[in-house]
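Written below as structure tokens is the structure these notes are about.
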2 protein chains.
Amino acid sequence: MTNTIHKTTFSVPIEKRYFEDYIAGSVHEFGCIMIKEDEIIAFADRFDPQVFHTNPDAAKDTVYGGLIASGWHTAALMMRLCVDHYLSHVASLGSPGVEELRWLKPVCPGDEISIRVTVLATKPGGSGPCSGRTRC
Amino acid sequence: MTNTIHKTTFSVPIEKRYFEDYIAGSVHEFGCIMIKEDEIIAFADRFDPQVFHTNPDAAKDTVYGGLIASGWHTAALMMRLCVDHYLSHVASLGSPGVEELRWLKPVCPGDEISIRVTVLATKPGGSGPCSGRTRC
């Protein structure tokens, strides 16, 4: 963590946050995580061993002009920011999936990642009388 | 790697595979990777530190009844299978994103992951005269 962004309207801390605290239309911003070259390479060696993710020298000769992070690495770091700052630490039950995932720009060593989450909709129901789903 | 599935109609090896070798309608199956408990915990400690991904004992008291892999971990292993078996090693230029990602069932320690890829469509064009995009 190299920097901290907190723009949120949550009225309760993450340890006491329940379904009713996620308000449709609310917007929350959190960050940052700096992504470092050695972590980019380590992640890609295991999960996405394409040359523009694993080899800084060879990556110079690719369309990206240098090393870039695997898109799955940036997605995973986005998840870390969600767990640290957004998802309830006492009531989150996981997610059924993602509607759309777009990698708009390459993420390079030294870049900082932050997130903006908008609660699009909430729907009561699920595994208990006080539970529900949020779409964000 | 604990097992090997290869059901593919590619006529050329991955080191010689170009855009024209990805035929719309073709189906390819590859695998498997076994997912182990220590890797589930290590991934989640960094990227998705929710108790059902990080603590085997505490996970027993959750809705999942035990440790499960982060969905981002299973997605990353899917990518590894794609890089090892599906994506050209000489012509792949990365991806703009994912249209839909669904985590249909929990993935537990010892489970084996394999993939089925269908080439839905191909579209010439892009960064060079012989390049194009495939949607799969």
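The values are calculated or read from the model by the stated rules, or taken from the named source; none is laboratory data. Small disclaimer: the values here were computed from a predicted structure and weren't measured. Note that each Cβ is placed from the backbone with ideal geometry, even for glycine, and that neighbours are counted across all protein chains shown. Side chains included, ligands, DNA and RNA excluded: accessible areas come from the protein's heavy atoms. Shrake-Rupley method; radii C 1.70, N 1.55, O 1.52, S 1.80 Å.
The table below gives the values:
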read-out	value
Dimensions in Å of segment B:30-108 - Rg and Dmax from alpha carbons	14.5, 47
Under 11 Å, Cβ to Cβ, from B:Ser70 - net charge with Lys/Arg +1 and Asp/Glu -1	-1
Candidates per GluC sites (Glu not before Pro) in segment B:60-132, loop by DSSP, up to 15 other Cβ within 10 Å	B:Glu99, B:Glu100
Other-copy label distances relative to A:Asp38, 7 angstrom Cα-Cβ extension, nm	2.1
Rg to Rh, two decimals, where chain B supplies the alpha carbon set and Rh follows Kirkwood	1.05
Net charge contributed by nearby residues that have their C-beta within less than 10 Å of B:Phe19 (K/R +1, D/E -1)	+1
Distance between segment A:1-40 and segment B:45-75 - C-alpha centres, whole angstrom	20 Å
Qualifying trypsin sites (Lys or Arg not before Pro) for segment A:46-136 [loop in DSSP, other Cβ within 10 Å: at most 14]	A:Lys60
Total formal charge among the other residues, if their Cβ is under 11 angstrom from that of A:Phe10, Lys/Arg +1 and Asp/Glu -1	+2
Two-site label geometry, B:Cys108 and A:Ala91: point separation in nm, points 7 Å out along Cα→Cβ	2.9 nm
Segment A:1-130: Lys pairs at Cα distance under 29 angstrom, eight or more positions apart or on different chains	8
Cβ-vector label at 7 Å, A:Lys60, separations to other copies in nm	5.5
Percent of Cα pairs exceeding the 18 Å cut-off, where the set is segment B:7-60	56 percent
Bins of 5 Å from zero: percent of alpha-carbon pairs in the protein assembly as shown	1, 5, 11, 15, 17, 16, 14, 10, 6, 3, 1, 0
Estimated dipole of segment B:1-68 in Debye, rounded to 20 [Cβ of Lys and Arg +1, of Asp and Glu -1, Cα centre]	240 debye
Mean separation of Cα contacts under 8 Å (6+ apart) over length of chain B, as relative contact order %	33 percent
Protein-protein interface of segment A:68-102, residues with accessible area decrease of at least 40 Å², isolated chain reference, 1.4 Å probe	A:Trp72, A:Ala76, A:Met79, A:Arg80, A:Val83, A:Leu93, A:Pro96, A:Val98, A:Glu99, A:Leu101, A:Arg102
With 10 Å bins from 0: P(r) over segment B:63-136, alpha-carbon pairs, percent	14, 43, 26, 12, 4, 0
